Each structure stands twice: as C-alpha cells, then as structure tokens.
Amino acid sequence: MIEENVKNLLAEIPEFNPFGERVTLVAAVKLQTPESINRAISGGVTDIGDNHVQEFRDKFALISGSPRRHFIGHLQTNKIKYLLGKVDLYHSIDRYNLAEELSKKSAQAGVVSNILLQINIGNEETKGGFPLEEAEEAYAQIKKLPALKIEGLMAMMPFDADEQTILSLGKNMRQTYDALRKTDDNIKYLSMGMSGDWKPCVMAGSNLIRVGTAIFGARNYPTR
Ligand SMILES: *Cc1c(COP(=O)(O)O)cnc(C)c1O
C-alpha cells in the first residue's frame, strides 16, 4: 500500500505545477515506524521530514537509503544541538531568535544550516511564523546571520480554507518567493501543501510538498 501510494503521488504531482518546475515530495513521517518509512523509501521517496526531535533521534539510524532529512515541526532552541549537521533543510524557522540561535550553534559546530522562513499565511494565532508582509524584512535580517543559508519560504494553509482561498494565499506566497528569488540564487524552495491541499498549493506555485496521510494512511495518535 505505502509503496503504491508513493508511486501514484510521484506520477500525479508533476501534472499540477504550472511552471514546469520539479516538485519535491517530502514524506511527513511523524508517528510512523522505521519499517513504514523504509517502505515509502523503497516506493521512491527521497526526502523525509520529522516534527519531533526525540522521534528524529530515535529513528535516525534505522532509516535505509540515506534520504534527505527535513525538520518540519516547531523547534525549541534548547533542542537544536540534537539536530545540528543531521538536517538538510529546516522548514520551520518562525522567529528571529530561533534563527539567531541556530546560526550561533551551527557556527560553533562548523556547519552551515539550510533554512526556510516560515510564514503565517493565514495570520492564525495558533500558528507560528512571520506575517507575509514582513517576509522580506525578516529575510534581510536573517540573511546577515553567518552560519545559515536561506533557501526559501514555508507555509501551512489554514485548516479550514477552501480551494479558492488556498489558491489565492498560495499565489501571494509565490509572489514574495519570486521577489526574493530575483535577488538571491540560493532561494529555490516554496514549501507548501499537505495531503489535503497539495494540489491547489502546487497549482499556486509550490515546489515542495510535505505529505503524511496520503502516503501512510491515518496516523495513530497515542491515546491516554
Ligand atoms: C504532519 C505534517 C504534514 C503532513 O500532514 P498530512 O495531512 O498527514 O499530509 C505536513 N507538514 C507539517 C508541518 C506537518 O506537521
């Protein structure tokens, strides 16, 4: 099932990108076992994304095929040390002090960390991230930090948004992304889209999607 889901997705995704860009599929692996993740990899997944530092550490050595590693969850500054040098792209840089701390720790470890700036595209109180209007200012500030490489923007659409809203918010994201890309060749990812909304996100110009449920099925959240 998992392999087949991946194959179907990989076949379907390119049909939706209007710019002819390659769209990277990141498997969102929170609460999945290493066995399931390895099945997704044998189905063709090349990139995996974790939300939780503890899970990332527990599973790290049990994953086959050396996929690219993404960190897509909320990150506390005191957990950075566990991820340094092991994450290929941090999606969720949602505040200046996190960027500052990640740069400092990266410099101490002798690495450069690749990051995306998280944008709170729906201006939701429950989500982190910079307001879209402040993206360019945040970019300019964070760009000055020595041990980070900004590679683009990330957003999560409001949970209850309809397709028209997603398309319109997505296009706003793409405009800001394009403006940054004009002045900076390192900018290459617009990370937007999950199982329920990746199609309109890609139609709006996303070139990286983070998909869990559509690959692995519904997650079993621990009950207590
Ligand atoms: C869980 C998660 C996803 C994937 O969600 P699905 O709806 O299962 O595809 C994508 N992005 C982030 C940040 C997530 O936490």
Original post:
What are the lysines whose alpha-carbon lies under 22 Å from the alpha-carbon of Lys105, with same-chain residues fewer than 8 places away excluded?
Top reply: Lys79, Lys81, Lys86, Lys143, Lys144, Lys149
Original post:
How many Å² of accessible area per residue for segment 167-216, probe 1.4 Å?
Top reply: 37
Original post:
What part of the accessible area of segment 1-77, given as a whole %, is carbon or sulfur when the probe is 1.4 angstrom?
Top reply: 51
Original post:
How about Lys127: which aspartates and glutamates have a C-alpha closer than 14 Å to its C-alpha, ignoring those fewer than 8 places off in the same chain?
Top reply: Asp94, Asp160
**OP:** Along Cα→Cβ, 7 Å out, is where each label goes; now give me the distance between the ones at Thr126 and Gln141 in nm to one decimal.
**Re:** 2.7
Original post:
Which value, in Å² rounded to 10, gives the accessible area of Arg68 with a 1.4 Å probe and all protein chains present?
Top reply: 90
Subject >> Dipole magnitude of segment 51-194, debye to nearest 20 (Cβ charges: Lys/Arg +1, Asp/Glu -1, about Cα centre) >> reply: 800
Subject >> the chain - convex hull of alpha carbons, volume per residue in Å³ >> reply: 130
Original post:
Which helices, taking whole DSSP H runs in the chain, have alpha carbons extending 18 angstrom or more along the helix axis plus mean Kyte-Doolittle at least -1.0?
Top reply: 96-109, 163-183
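The values are calculated or read from the model by the stated rules, or taken from the named source; none is laboratory data. The shown structure was predicted, so the numbers you read here are calculated from the model rather than taken from an experiment. Quick reminder, even Gly has a Cβ in these numbers, built from the backbone with ideal geometry, and neighbours come from all protein chains shown. Protein only, heavy atoms only, side chains kept; ligands, DNA and RNA dropped before computing areas. Shrake-Rupley method; radii C 1.70, N 1.55, O 1.52, S 1.80 Å.
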